[in-house]
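Taking it in order: structure first as structure tokens, then the write-up.
The values are calculated or read from the model by the stated rules, or taken from the named source; none is laboratory data. Please read all numbers here as calculations on a predicted model, not as lab measurements. Backbone-built Cβ (ideal geometry, glycine too); neighbour counts: all protein chains shown. Quick note on the areas: whole protein, heavy atoms, side chains included, nothing else; ligands and nucleic acids left out. Shrake-Rupley method; radii C 1.70, N 1.55, O 1.52, S 1.80 Å.
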There are 2 protein chains.
Amino acid sequence: MQLSPERRNTFGQQGYLFFPNCFSEDEVALLRSEAESILRTERREVWHEKTGAPRTAFAAHTYNEAFRLMAHHPRLIEPVQQLFGEPLYVHQFKINAKAAFEGDVWQWHQDYGTWARDDGMPEPRAMNISIFLDEVLPINGPLMLIPKSHRHGTLQAGHDLQTTSYPLWTLDQDTVTRLCAEAAPPGGVGIVAPTGKPGSVLMFHGNLVHGSPPNITPYPRKIVYLTLCAVSNHITKFTRPEWIAHRDFTPIEPVADDALLAYARAHRVAAE
Amino acid sequence: MQLSPERRNTFGQQGYLFFPNCFSEDEVALLRSEAESILRTERREVWHEKTGAPRTAFAAHTYNEAFRLMAHHPRLIEPVQQLFGEPLYVHQFKINAKAAFEGDVWQWHQDYGTWARDDGMPEPRAMNISIFLDEVLPINGPLMLIPKSHRHGTLQAGHDLQTTSYPLWTLDQDTVTRLCAEAAPPGGVGIVAPTGKPGSVLMFHGNLVHGSPPNITPYPRKIVYLTLCAVSNHITKFTRPEWIAHRDFTPIEPVADDALLAYARAHRVAAE
């Protein structure tokens with residue numbers, strides 16, 4: 001999958017790109033089922049909400065074949081390689097559960113803030129890719145983005161160790177208010193919250209400010225959160241466990257475009 | 001304002017009615033400004049979030065002329081009088097702030113559960129009316145309703161004194177999941193979250209299950225929450241303060257349809 005000049009321009013301006021239905025339901029059904037199994041395990045890579053519900057499972061691509069294929073999928077690798085102009089490696093791989101009723105808030109933050117401060121990543125040349133495993137609805141805690149906010153570089157942030165179970169460098173209310181005002185069209189709102197069917201894909205810049213509200217509905221909102229970093233931009237500080245901030249900088253060799261589909265069909269799960 | 005037979009039928013089936021732009025921006029601008037002033041006061045009727053941000057201001061119609069006119073407005077009184085077939089009194093009047101960044105969750109609940117248990121209201125013959133003072137967006141903590149859930153009568157509930165600063169009889173996850181499944185169209189979602197401009201009005205049955213997520217955005221979502229009870233159905237237990245559950249059962253005499261507009265024009269505030 002190659003990006004048109006218009007889409008590359010949109011990414012530069014807005015800081016994100018949305019691809020509805022990038023993966024088919026056949027491809028996603030198995031991933032959803034595998035994610036549910038993984039989130040139920042007691043592995044150290046699975047973190048929980050304060051209520052005990054699963055919040056985040058790290059590094060599933062290292063031990064699960066379906067997620068390994070997803071992390072090597074050309075529909076994700078190629079456009080990012082095109083934008084960065086060089087090979088990529090997997091910096092981080094998460095399944096974020098945003099469980100029904102219990103999925104808690106992610107406060108406003110930039111991911112590159114963490115990669116720079118905690119991992120010593122030299123430049124914001126890593127892309128966040130969110131792959132929807134469930135339908136993302138306006139009501140089940142969708143990811144909210146502040147368009148254009150990636151142009152401000154790395155903003156001052158405080159280390160939030162209180163609000164949720166996940167330590168995060170978060171932005172203050174004045175900064176978020178200012179960024180939203182800058183992003184808003186006249187009389188409008190400076191936040192977007194892309195929604196769509198399972199298999200939709202959202203790519204956004206490492207400095208794009210984002211957050212998500214809690215999920216109080218019975219509808220879970222699982223997404224995969226794949227971060228691809230330019231190989232020449234690999235991290236230099238190893239303060240976090242290897243399964244959170246990976247240290248294998250081998251360039252990703254994409255699999256065939258139909259590899260995930262073939263695997264999913266061979267391991268078909270009953271439709272819900 | 002009279003309801004057509006179709007709308008009365010919709011109310012019976014779905015448990016709610018939505019009236020976009022029921023009040024004009026001229027009428028709402030003053031109410032919004034007055035609400036902001038009231039929420040900043042230290043009156044005992046103003047309750048706060050755990051963070052200190054204002055959450056709810058009670059009984060503003062008893063001491064503020066603009067809100068007195070709103071609580072006596074024929075666009076609100078007449079349709080409810082028509083549905084209940086008798087005069088009404090004000091059971092409760094709240095301004096819910098759902099403040100920018102700090103407006104917290106309202107867990108899933110039925111209001112009549114509280115009116116019956118705490119106030120001894122004989123029947124669910126009281127209507128909730130939500131008047132939007134700010135634009136209600138999908139992202140700023142809109143009220144979520146489960147259509148048709150009012151047909152189940154008063155459901156079993158637990159008294160939540162922990163989650164937020166407001167004591168509430170809340171429903172468990174299994175009940176909410178079941179009600180959503182019943183409300184959902186085939187392959188769809190059993191929750192609606194009406195959104196719209198300031199001045200829009202949402203009326204819903206006292207037994208309709210509803211809740212709202214926190215507001216993590218810079219966009220406040222103030223609504224007035226007016227509860228009109230049939231006079232013959234007045235409360236019989238006085239366990240809550242008079243300014244929370246009113247004891248004046250005098251039938252409301254509606255003001256003229258242009259009374260609020262005239263008052264707003266005479267006290268015009270600068271547009272934002």
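Which residue of chain B is nearest the rotation axis onto chain A, counting by its Cβ, and what is the distance in whole Å?
Minimum Cβ distance to the axis, with residue: B:PRO138, 2.
Just tell me which lysines come within less than 23 Å, Cα to Cα, of A:LYS222; anything on the same chain fewer than 8 places away is out.
Within reach: A:LYS50, A:LYS94, A:LYS98, A:LYS197.
Return the carbon/sulfur percentage of the accessible area of the stretch B:113-170, one whole number, probe 1.4 Å, all protein chains in place.
Working: 990 of 1960 Å².
Whole-percent figure for carbon plus sulfur exposure: 50.
Per the 1.4 Å probe, what fraction of the accessible area of the stretch B:201-272, in percent, lies on carbon and sulfur atoms? Could the numbers behind the result be given before it?
Working: 1670 of 2930 Å².
Of all accessible area on the stretch B:201-272, carbon and sulfur atoms account for 57 percent.
What FRET efficiency comes out for the pair A:GLU65/A:LEU161, r = Cβ-Cβ distance, R0 = 35 Å, nearest 0.05?
Values: r = 35 Å, r/R0 = 1.01.
Working from the Cβ atoms, E equals 0.50.
For the protein assembly as shown, state the semi-axes of the equivalent ellipsoid (square roots of 5 times the eigenvalues of the alpha-carbon gyration tensor), sorted largest first and rounded to whole angstrom. Walk me through the numbers before you get to the answer.
Working: eigenvalues 434, 124, 83 Å².
Semi-axes (√(5λ), whole Å): 47, 25, 20.
Using a label point 7 angstrom from Cα along Cα-to-C-beta, what distances in nm, from shortest up, separate B:PRO241 from the other copies?
4.9
What total accessible surface area, summed over both chains, is buried at the interface between chains A and B, computed with a 1.4 Å probe and given in Å² to the nearest 100? Don't skip to the answer; put the middle values down first.
Numbers: alone 11510 and 11490 Å², together 20980 Å².
Heavy-atom accessible area buried at this interface is about 2000 Å².
Specify which residue in the list B:GLY52, B:TRP108, B:PHE238 is farthest towards the positive end of the charge dipole of chain B, using unit charges on the beta carbon of Lys, Arg (+1) and Asp, Glu (-1), about the Cα centre.
Checking the options against the dipole of chain B, the answer is B:TRP108.
Among B:PRO220, B:SER33, B:THR175, whose Cα projects farthest towards the positive end of the dipole of chain B, with charges put on the beta-carbon of Lys, Arg (+1) and Asp, Glu (-1)?
Final value for the positive-end residue is B:THR175.
Rounded to the nearest 0.05, what FRET efficiency do A:HIS152 and A:GLU242 give with R0 = 35 Å and r taken as the Cβ-Cβ distance? Could you check? All intermediate terms of the calculation are to be shown ahead of the outcome.
Numbers: r = 31 Å, r/R0 = 0.88.
It comes to 0.70.
In a GNM of chain B with a 10 Å cut-off on Cα contacts, which of B:PRO147, B:PRO74, B:PRO138 has the highest mean-square fluctuation?
B:PRO138
Taking the Cα centre of the stretch A:22-73 as origin and charging only Cβ (+1 Lys, Arg; -1 Asp, Glu), how large is the dipole, in debye to the nearest 20?
Numbers: 7 positive and 9 negative charges, 70 e Å.
For the stretch A:22-73, the charge dipole is close to 340 debye.
Mind listing the label-point distances from B:PRO122 to the same position on all other copies, shortest first, one decimal in nm, points 7 Å along Cα→Cβ?
8.0
Calculate the FRET efficiency for B:VAL269 and A:SER24 from the Cβ-Cβ distance with a Förster distance of 35 Å, rounded to the nearest 0.05. Kindly include the intermediate steps, with their values, before the conclusion.
Numbers: r = 53 Å, r/R0 = 1.53.
Efficiency computed from Cβ-Cβ geometry: 0.05.
Probe of 1.4 angstrom, ligands and nucleic acids ignored: what's the accessible area per residue over the stretch A:116-222, in square angstrom?
Working: 3580 Å² over 107 residues.
Per-residue accessible area for the stretch A:116-222 comes out at 33 Å².
Determine how large the accessible area of B:LEU69 is when every protein chain is in place; take a 1.4 Å probe and give Å² rounded to the nearest 10.
10 Å²
Which length gain, in nm to one decimal place, applies between B:GLU78 and B:GLN173 when the Cα-Cα distance is subtracted from 0.36 nm times their residue separation? Could the numbers behind the result be given before it?
Working: separation 95, 0.36 × 95 = 34.20 nm, distance 3.63 nm.
Full extension of this stretch gives 30.6 nm more.
Please identify which residues in the stretch B:176-210 have an amide N closer than 14 Å to a label point set 7 Å out from the Cα of B:GLU6, following the Cα→Cβ vector.
none
Count charges around A:LEU208 for me, please; just the other residues with Cβ under 12 Å from its Cβ, Lys/Arg as +1, Asp/Glu as -1. Write out the running numbers ahead of the final one.
On the way: positive: A:LYS148, A:ARG151; negative: A:ASP111.
Around A:LEU208, the surrounding residues sum to +1.
Please report, for A:PRO87, the nm distances (one decimal) from its label point, 7 Å out from Cα along the beta-carbon direction, to the equivalent points in the remaining copies, shortest first.
Sorted ascending, the copy-to-copy spacings read 8.4 nm.
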